[in-house]
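The values are calculated or read from the model by the stated rules, or taken from the named source; none is laboratory data. This structure is a prediction, so every number in the text was calculated from the model and none was measured. Using ideal geometry, Cβ is built from the backbone for each residue, glycine included, and neighbour counts are taken over all protein chains shown.
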Amino acid sequence: MRTSPSNVGGAIERRVWLVTLAAGFLATAGWAQTAFTWQQIKNKFEAANPTLQAAQLNIDEDHAAEITAYLRPNPDFTLLTDGTQLAPYQGVWRPLAGTDISTSLSYLHERQHKRELRLDSARKTTQIAASTYLDQERGLLFNLRSAFVQILQAKAVLQNARENLDYWDRELAVNRDRYRAGDLAQGDLERLELQRAQFESDFVNATVNLRTAKIQLLMLMNERTPLEQFDVTGPYDFADRLAPLEDFRNMAMETRPDLKAAVQSVELAKTAHSLAVANGSTDPTWSAWWTHNPSFNNPYDYDTLGVSVTIPLRIFDRNQGEKARTQVDIGRNERLRDATEAQVFSDVDSAYVTLAGAVDLLRPYRDTYLKLAASSRDRFAFSYQNGGASLLDYLDAEKAYRDTRLNYLTLIGSYLTAVAQMDMAVGREVIP
């Protein structure tokens, strides 16, 4: 038995409405969905991401190391006894009569501001750790922003697929009426009915892509929120005006945390060299002691006081190796700073070219191509319904509109991803 076109169309419609009904049920019936803005997503990410938390603890460790770096050397206390008789001599055994009791206290005096230099070195190490933390956060936020944009793009594509499906359903209703009235051939109606499968496929694929994008973002956030309760919101559009390239370069030079870390590494290397020079200096050790024993020069003096100063003779070891190594390390870090600066310019320039290219493509789509594709589709639809155009021309016009609209939405997604890339290149958010 042959199935009529109206029955085929009804079966397809029922399947799509089942998919739509199921999606709507999951989103609204029984699940309270919360839509987060980009700033809220960013705040949740920074508060919960274990990688950033571990990096923050590394900064805390370096802060604690500053305390150790500035500690003074501990004094040394010595208690000495000598002269205790062990065995009788000539019948006399007085074991404690000649016991010598002595206590001494010594202290190493550090010269050439060694403590201050160690503290300065520890503080600069902490600053580098903080800049490294910001640089790590910069890369992670780019991945997070890209995933956020993917959800916005998937939502826009899904909305577009839904609108296309609704539009085609209205067209099918008109053409079914024409078929029943004998104004349309059965073969043409069947082709129109089959075309609906493409719209249904677009809708289902867009639904799957949206769920996949949400899974990716939740994974980056280390969240366990069910998909049906999670959503994001934000503008899905583009700004057709860009600041000059030089402005982005200047902002990057002021903001990029990896460049800051490279500059701070040069300063740390200079401090390390100054500390190596200071460590080559002589540090005396002051000592004082009290002794309880008969004095050989003064038989009436049982308590004596002595002082001394020990001065190492730095004849062979004057820390020459560390002085030379730290001097070379200054030059190495300066070259790394130059390389990082060149990388900053390269990143900004690449992001700017990508961003400008996306804007150049989006302008004609927004101003011309979208309107032209919609006008062409509506004109061919009217002509076909009135016998002035062929079915093939009508389907081609419909495909052109669908492709143009999808290309436009994809380009906006590329633009927003390029914005995230520019933010990463500069080191902060520079384009709203």
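What the table shows:
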| item | result |
| --- | --- |
| Residue in the stretch 317-331 that is farthest from the chain's Cα centre (by Cα), counting only those that are farther than 19 Å from Q112 by Cβ and loosely packed, with under 13 Cβ neighbours inside 10 Å | V328 |
| Inter-residue pairs, beta-carbon under 6 Å, first surrounded by fewer than 19 Cβ atoms within 10 Å (Cβ to Cβ) and in the stretch 195-210, second at pLDDT 95 or above and part of a helix (DSSP H, G or I), 6+ apart | N209/A154 |
| Residue that is surrounded by the most Cβ atoms within 10 Å (Cβ to Cβ) [pool: residues in the stretch 228-248 that are at pLDDT 90 or above and over 30 Å from D360 (Cα atoms)] | F230 |
| Filtered residues of the stretch 388-408 (kept if surrounded by fewer than 21 Cβ atoms within 10 Å (Cβ to Cβ), in contact (Cβ under 8 Å) with a residue 12 or more places away in the chain and either within 29 Å of M253 (Cβ to Cβ) or of a type in the set (A, V, I, L, M, F, W, C) (or both)) | L391, L395, A400, L406 |
| Hits in the stretch 76-108 (condition: in contact with a strand residue (DSSP E or B) (Cβ under 7 Å, 6 or more places away or on another chain) and either loosely packed, with under 12 Cβ neighbours inside 10 Å or at pLDDT below 90 (or both)) | F77, T78, L79, L80, T81, D82, G83, T99, D100, I101, S102 |
| Residue tally, condition in contact (Cβ under 8 Å) with a residue 24 or more places away in the chain and not in a loop (DSSP other than H, G, I, E, B), over the stretch 307-330 | 10 |
| Any chance D183 is of a type in the set (D, E, K, R), over 30 Å from Q39 (Cα atoms), modelled with pLDDT under 95 and not in a helix (DSSP H, G or I) | yes |
| Per-region count, the stretch 46-75, residues in contact with an Asp or Glu (Cβ under 9 Å, 6 or more places away or on another chain), surrounded by 15 or more Cβ atoms within 10 Å (Cβ to Cβ) and touching a residue at least 60 places away in the same chain (Cβ under 8 Å) | 4 |
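Per-residue answers, yes or no, for (1) touching a Gly at 6+ places or on another chain (Cβ under 9 Å); (2) within 28 Å of A239 (Cβ to Cβ); (3) not in a helix (DSSP H, G or I):
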site	(1), (2), (3)
R332	no, no, no
L361	no, yes, no
R366	no, yes, no
A373	no, yes, no
A389	no, no, yes
I412	no, yes, no
Y415	no, yes, no
